[in-house]
Amino acid sequence: MNKKIKGSNWPQLPEELSNISITPTDARFDAMRSNYFRVGNPRLVIMAVTNSQVSETIKYITAVRKKTGSKVPFSVRSGGHGMTMSSVNDGGIILDISQMNEVTIVDEKSGLVRIQAGALWGDVAKILNPYQLVISSGDFGDTGVGGLATSGGIGLLVRNSGLTIDHIIGASLVTSDGKCHWIDEKHEPDLFWAIRGGSSQVGIVTEFLFKADRLVTQDKNFVSPVVVQNVKYLSKKLETFILKWQKWANSSSRRLSSMLMVTLNENGDYIFEATNIWAGSPNEQSKDIFEKSLKLGRTQNQEQQTMEYADLVKAPHEPHRGQQPVYVKNTLVKNFNAAIIDQIETILKNSFVMGIELRAIGGKLNEIKSEATPWDFREATGFVAMWADKNHARQAQKIFTLADQDGLGVYGAYSSDLSEKENSKVWPKPETRERLKNIMNAIDSEQLFDQGRNLNVKK
C-alpha cells in the first residue's frame with residue numbers, strides 16, 4: 001500500500017518504500033532522527049536493506065524535488081558519526097543504510113573482504129579478528145564504513161597501513177539515476193577513482209571490496225595484536241615538546257602511530273595526553289621506542305598494554321541523540337614548525353576551545369602516488385584538529401586559520417565546516433577539483449547528492 005506523507009505535497013511513497021519508512025508520528029522517529037552530533041527533524045526516514053530500496057529512494061527524492069520545485073534536503077546515513085553532521089537534515093529525507101551491514105570474508109588467504117557501507121568499523125574489526133585480518137579505519141568503533149571509506153580514513157594504524165581508501169579494490173555504487181554499478185580499476189575507473197577520497201558526490205556506495213592487512217604476532221594469546229601506550233605529560237613549553245614528539249615519531253618505525261590531545265590548564269601548563277600504538281606484537285624495537293617516548297617530557301602517568309586491535313576499536317553502539325557538542329576544524333601539514341605551533345598556542349587561549357589534537361601520520365600513506373586518488377595530501381606527515389564548543393562555531397572558524405596559512409588543506413571527514421571555502425581546501429589541487437567536477441557533472445547533473453561535501457554547491 002502506498003503511503004502519503006502528511007503535511008506535504010510530496011508524491012505518495014511507492015509500495016517498496018512504505019514498509020521501511022519512518023515519519024514524525026512513528027514511535028521509532030525519535031530514535032532515528034539524529035546523528036551523533038546533531039538532532040535532525042526530517043519529514044521522512046527510509047531504512048533501506050537492499051540496493052533496490054536505495055535505488056527506489058533515489059527515484060523518490062528525485063520525484064519529490066521535481067514536484068515541489070525545491071531542493072528538498074536528502075541525506076545519507078551509514079553510522080551517523082560524521083563530523084560534517086550532514087547525515088541528518090530538517091524537512092527532508094534521510095536514507096539510513098545502517099541495516100546494510102554484512103561483512104563477508106571472500107578470500108581469507110589474500111585478505112579479500114566484502115563490507116556493506118552500513119556496518120560499523122568496530123563490528124568489522126570484531127568479525128575480521130579471528131581471521132587475523134585488520135583494516136585501519138576510524139578511531140571510534142561506532143563510525144560507519146560508508147562515510148569514512150569514501151573520504152579517506154586516517155586510522156589508528158595509519159603509519160603502518162596507510163589510509164582506509166588505499167585498501168579499496170572495488171565497490172557497488174548507486175548513482176542519481178537509480179542504477180547500480182560495480183566499479184573498480186577496470187570497470188568505470190573514473191567513478192572508482194572518485195569514491196576513494198571524493199566523498200559521496202557521485203552516488204551512494206552500498207558495499208566495498210577491501211584487501212585487509214595482517215598484523216605480526218608472536219604471542220599465541222593474541223590474533224591481531226597492538227601495543228597501546230598512554231602517557232600524560234605536563235610542560236610549560238609547547239613548541240619544545242611538539243617538536244621533540246614529532247622528531248621521535250617520524251624517526252620511529254612506521255609500525256608506530258601516535259596522537260596527542262593538547263589542553264591548557266588554569267596554571268598555564270600544557271597537558272599532553274599521548275596515545276601511541278604499535279602494530280603487532282611487542283618486541284625489542286617497540287620496547288625501545290616506548291622507552292624513548294617517556295623521555296619527551298615530564299610524565300604525570302603512563303600505562304601500556306597489549307590487546308587485540310578489535311578491542312581497541314570496539315563499537316559501543318551508543319544511541320544517537322545529537323549528544324556530541326563539538327565543532328571541529330583541521331588541517332594537514334608537511335611538518336609541524338614554529339609558525340604552526342605559535343598559532344596552536346594562540347588557539348588554546350580561547351575558553352571555547354576544548355583541545356587541540358595532533359597526529360603523526362606519515363609512513364605508508366606517503367608511498368601512494370598523489371594522482372591515484374582524490375585525497376590530495378600524500379606529502380603530509382602531520383595532522384592538527386581543533387575541538388571547540390559548537391555553540392561558538394563562528395568564533396571557531398575565525399581563529400582557526402592554519403589551513404589558510406601553513407596547512408596543506410583540510411581532511412573533509414574531520415571538519416564540521418561545510419562552506420564552499422572549506423570544500424575547496426578538501427581538494428586543493430586544481431587538477432583534482434577539475435576531474436572531480438567533471439565526473440560529478442557527468443553522473444549527477446541535477447546535483448542530487450548535495451548535502452555533504454560537494455564542490456558544486458555554494459554554502
**OP:** Count charges around P189 for me, please; just the other residues with Cβ under 15 Å from its Cβ, Lys/Arg as +1, Asp/Glu as -1.
**Re:** -1
Subject >> Cross-link pairs K334/K369; K186/K334; K126/K329 - those with Cα-Cα distance over 27 Å >> reply: K186/K334; K126/K329
Subject >> Placed amide H near E207: partners under 5 Å, 5+ positions off or other chain >> reply: A117, S172
Original post:
Out of H392, L358, G409, whose Cα points farthest toward the positive end of the dipole of the range 347-459 (charges: +1 Lys, Arg; -1 Asp, Glu; placed on Cβ)?
Top reply: H392
Original post:
With θ set to phi - 60° and the Karplus curve 6.51 cos²θ - 1.76 cosθ + 1.60, what are the ³J(HN,Hα) couplings of the range 95-105 in order, to the nearest whole Hz, using x for Gly and Pro?
Top reply: 9, 9, 10, 5, 7, 8, 10, 6, 10, 10, 7
Original post:
What size of dipole, in debye to the nearest 20, comes out for the chain about its Cα centre when the only charges are +1 on Lys and Arg C-beta atoms and -1 on Asp and Glu C-beta atoms?
Top reply: 740 debye
Subject >> Theoretical FRET efficiency, 1/(1+(r/R0)^6), r = Cβ-Cβ of L294 and N335, R0 25 Å, to 0.05 >> reply: 0.60
Original post:
Dipole of the range 15-96 (Lys/Arg Cβ +1, Asp/Glu Cβ -1, origin at the Cα centre): which of G80, I20, G91 lies farthest to the positive side?
Top reply: G91
**OP:** Estimate the FRET efficiency between N230 and K369 by the formula 1/(1 + (r/R0)^6), using the beta-carbon distance for r and 35 Å for R0, to the nearest 0.05.
**Re:** 0.50
Original post:
Within the chain, what percent of beta bridges assigned by DSSP are antiparallel, to the nearest 5?
Top reply: 90 percent
Subject >> Protection proxy ranking, peptides 88-97, 229-238, 282-291, 330-339, average beta carbon neighbours within 10 Å, highest first >> reply: 88-97, 330-339, 229-238, 282-291
Subject >> Within-14-Å neighbourhood charge of E318 [Cβ basis; K, R +1; D, E -1] >> reply: 0
**OP:** Mind giving me the nanometre distance, one decimal, between the label points for K220 and E379, set 7 Å out from Cα along Cα→Cβ?
**Re:** 5.1 nm
Original post:
Placing +1 at every Lys and Arg Cβ and -1 at every Asp and Glu Cβ, with all other atoms neutral, what dipole size does the range 302-348 have around its Cα centre, in debye to the nearest 20?
Top reply: 260 debye
**OP:** Would you list, by chain and number, the lysines whose Cα falls below 23 Å from the Cα of K295, excluding same-chain residues fewer than 8 positions away?
**Re:** K232, K236, K237, K244, K247, K287
Original post:
Working out 0.36 nm times the residue gap between S18 and T68, then minus their Cα-Cα distance, what length gain in nm do you get to one decimal?
Top reply: 16.0 nm
**OP:** Please list the radius of gyration and Dmax for the chain, considering alpha-carbon atoms only, with Å as the unit.
**Re:** 22.0, 69
Original post:
So what is the relative contact order for the chain, in percent, with contacts set as C-alpha pairs under 8 Å and at least six apart?
Top reply: 16 percent
**OP:** Return the tail of the calculated pair distribution for the range 104-167, meaning the percent of Cα-Cα pairs more than 16 Å apart.
**Re:** 40 percent
Original post:
DSSP beta bridges in the range 15-96, what fraction antiparallel, as a percent rounded to 5?
Top reply: 20 percent
Original post:
Where does each of V76, V216 land when they are ranked from fewest to most other beta-carbon atoms within 10 angstrom?
Top reply: V216, V76
Subject >> Computed over the range 246-379: relative contact order in percent, which uses C-alpha pairs under 8 Å that are six or more apart >> reply: 35 percent
Original post:
How many angstrom lie between the C-alpha centres of the range 240-262 and the range 24-62?
Top reply: 42 Å
Subject >> Total charge dipole magnitude, the range 137-250, about the Cα centre, Cβ charges on Lys, Arg, Asp, Glu only, Debye to nearest 20 >> reply: 800 debye
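Since every read-out is calculated from the coordinates, none of them should be taken as a lab result. Just so you know, these numbers come straight off a predicted model, no measurement behind them. Neighbour counts run over all protein chains shown; Cβ positions are idealised from the backbone, glycine included.
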